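Novice: Dumping the structure here so I can ask a few things about it.
The values are calculated or read from the model by the stated rules, or taken from the named source; none is laboratory data. As the structure is a computational prediction, the values presented were derived from the model and not from experiment. Neighbour counts are summed over all protein chains in view; Cβ atoms, including those assigned to glycine, are modelled from backbone coordinates with ideal geometry.
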Protein chains: 2
Amino acid sequence: MIDVERITITDPADPRLDDFRDLNHSDSRPDLPGGKGLVIAEGPLVTGRLLESRFPVRALVGFRGKLDAFLAEHEVGDIPVYEVTREVLAEVAGFDMHRGLLAAADRVEEPTVAEVLEDARTVVILEGVGDHENIGSMFRNAAGMGVDALLFGNGCADPLYRRVVRVSMGHVLRLPYAHLAGTYTTWQRSLTELSDAGFHLVSLTPDPEAVHLEDALAGREKVALLVGAEGPGLTEHAMRATDVRARIPMAPGTDSLNLATSAAIAFYERDRSQRHRD
Amino acid sequence: MIDVERITITDPADPRLDDFRDLNHSDSRPDLPGGKGLVIAEGPLVTGRLLESRFPVRALVGFRGKLDAFLAEHEVGDIPVYEVTREVLAEVAGFDMHRGLLAAADRVEEPTVAEVLEDARTVVILEGVGDHENIGSMFRNAAGMGVDALLFGNGCADPLYRRVVRVSMGHVLRLPYAHLAGTYTTWQRSLTELSDAGFHLVSLTPDPEAVHLEDALAGREKVALLVGAEGPGLTEHAMRATDVRARIPMAPGTDSLNLATSAAIAFYERDRSQRHRD
């Protein structure tokens, strides 16, 4: 363990704590490029992943004990480290931040779609997913189950929103992603870029007329799996631009699965289909 | 639509609304048998499922428009229906109940394990699952994916807790379940009852030494799938009492999946294994 110089701050109004101010409303910051907030990591696991990510960390803040434990395990270089009490952090953040460790980083330009697709064999594409928890779970499951990248079609929420970072357990900071250009009715044209790159495009739908997921994925070398929002699902525009519509079999008279759960099943099936391929 | 007599209540203190009072704390009611609360359904979907369930409904309460829509579609017989304003319901429930429709029912004796297992071919058994959201999602996924019943080992939260009912989308009111008797270290002995009934007992674990889920389930007529809490997982006691330990393959350096998601994948694999059986 290298001794890191820590700066103790006792005044909640100290401007060095501005990155961590009013966290419940920090996701939109008119003063920052794009009007969006910084990337905020909460807790040691996610903070560690932020440090290893492409996002340049601006500062760490935490309680003494939490910093002791974290700094014993992680190199922070010359990133400023601010030690505060629970009371000071609560005052700054706007609520009791019991995890006791936070980091803030700058956003960076995202890679191009072509860069994200290079070397990728399994990607997931989201359309109209506005729910932060669903996006976070999607990243967590995708990372865990061998998906190489995520692409965003139209109408999805900000993947660097604080809640997404937390629910994803920091995997949104690691797994490559990019946004496909276009509006509600035009973004689907970008899918030709994936077809041209050899991806088999699969729409996930609760439609009982669709083919079984197993049959949709069997024997495919490169797969792009499209998932829409809970409720409306994928647009007809998007599904028409894909090669096949696939369903997870459901018992009659029940509800469709949660979005991230459906996707996780598809990731499992994708992995499983490859198991018998080689 | 049969005209149902509705009683308009304007006084939040009216004792006829007592079943719906202080909902955030209603799950524990020392005045009721077992010291547990009533079964509370929120919103039209779950209220409809409560009406069709084995739980005797005591009363419905809702806003005028919500009751109009609900009563046009459902038979309520002689169950009292109370019409209230949003303000009155907020005062009674303790928060703004924007769904605007609630029902309360009595708890009933649960079936025996033997009754639950009769005719069942796929069951899931939970151990130490204290998280209400996980239990609710488990019921939702189990119902959707052809699981016949749930059994509770030691240390699980109350499946009729209000939040479980909501997250399960009411499936906890429909899918049969029962509790296995015993303490933390003894309940696992009840598993012999399942073995005797011909169930293949499968522990779900993140252990990389475990066999692939596909291999654990292939060709089995009756399956009981054991799932433990996120974090600690199943106890060694429980796993020892099963026939096989099964894993969902995960990418190295990632986190295990959420409990309900893992289980949903196992339900999918179970269904899939049967697809090629006949």
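Novice: Given A:181, A:263, which one is without any contact (Cβ under 8 Å) to a residue 12 or more places away in the chain, within 24 Å of the chain's Cα centre (by Cα) and under 16 Å from residue A:150 (Cα atoms)?
Specialist: Every option except A:181 fails the conditions.
Novice: I would also like to ask the following. Could you figure out which of (1) of a type in the set (S, T, N, Q); (2) over 9 Å from the mean Cα position of the chain (by Cα); (3) surrounded by 23 or more Cβ atoms within 10 Å (Cβ to Cβ) isn't true of residue A:154?
Specialist: Going through the list (1) of a type in the set (S, T, N, Q); (2) over 9 Å from the mean Cα position of the chain (by Cα); (3) surrounded by 23 or more Cβ atoms within 10 Å (Cβ to Cβ), residue A:154 breaks only (3).
Novice: Still on this structure, please answer the following. Considering only residues that are at pLDDT 95 or above and more than 7 Å from chain B (Cβ to nearest Cβ), which ones fall in segment A:141-155?
Specialist: Scanning segment A:141-155 gives A:142, A:147, A:148, A:149, A:150, A:151, A:152, A:153.
Novice: I would also like to ask the following. Being surrounded by fewer than 18 Cβ atoms within 10 Å (Cβ to Cβ) and not in a helix (DSSP H, G or I) is the filter here; which residues of segment B:180-196 pass it?
Specialist: B:181, B:182, B:183, B:184, B:185, B:186
Novice: Residue A:163: of a type in the set (Lys, Arg), surrounded by fewer than 18 Cβ atoms within 10 Å (Cβ to Cβ) and away from every other protein chain (no Cβ under 14 Å), yes or no?
Specialist: yes
Novice: Could you look through segment A:240-256, keep only residues that are without any contact (Cβ under 8 Å) to a residue 12 or more places away in the chain and more than 7 Å from chain B (Cβ to nearest Cβ), and pick out the one that is farthest from residue B:271 (Cα to Cα)?
Specialist: A:253
Novice: Looking at B:122, B:112 in this structure, which one is within 14 Å of chain A (Cβ to nearest Cβ) and either over 13 Å from the mean Cα position of the chain (by Cα) or among the acidic types (Asp, Glu) (or both)?
Specialist: Criteria check complete, one pass: B:122.
Novice: Taking helices (runs of 4 or more DSSP H) that do not extend beyond segment B:33-128, which have at least 1 residues that are under 23 Å from residue B:143 (Cα atoms)?
Specialist: Because the criterion is at least 1 residues that are under 23 Å from residue B:143 (Cα atoms), the helices (runs of 4 or more DSSP H) in segment B:33-128 that meet it are B:43-51, B:113-117.
Novice: Looking only at residues that are more than 9 Å from residue A:205 (Cα to Cα) and in contact (Cβ under 8 Å) with a residue 12 or more places away in the chain in segment A:227-238, which one is farthest from the chain's Cα centre (by Cα)?
Specialist: Selected residue: A:237.
Novice: Taking residue A:95 and the conditions (1) of a type in the set (Phe, Trp, Tyr); (2) in contact with a strand residue (DSSP E or B) (Cβ under 9 Å, 6 or more places away or on another chain); (3) under 26 Å from residue A:10 (Cα atoms), which numbered condition does it fall short on, given that it satisfies the others?
Specialist: (2)
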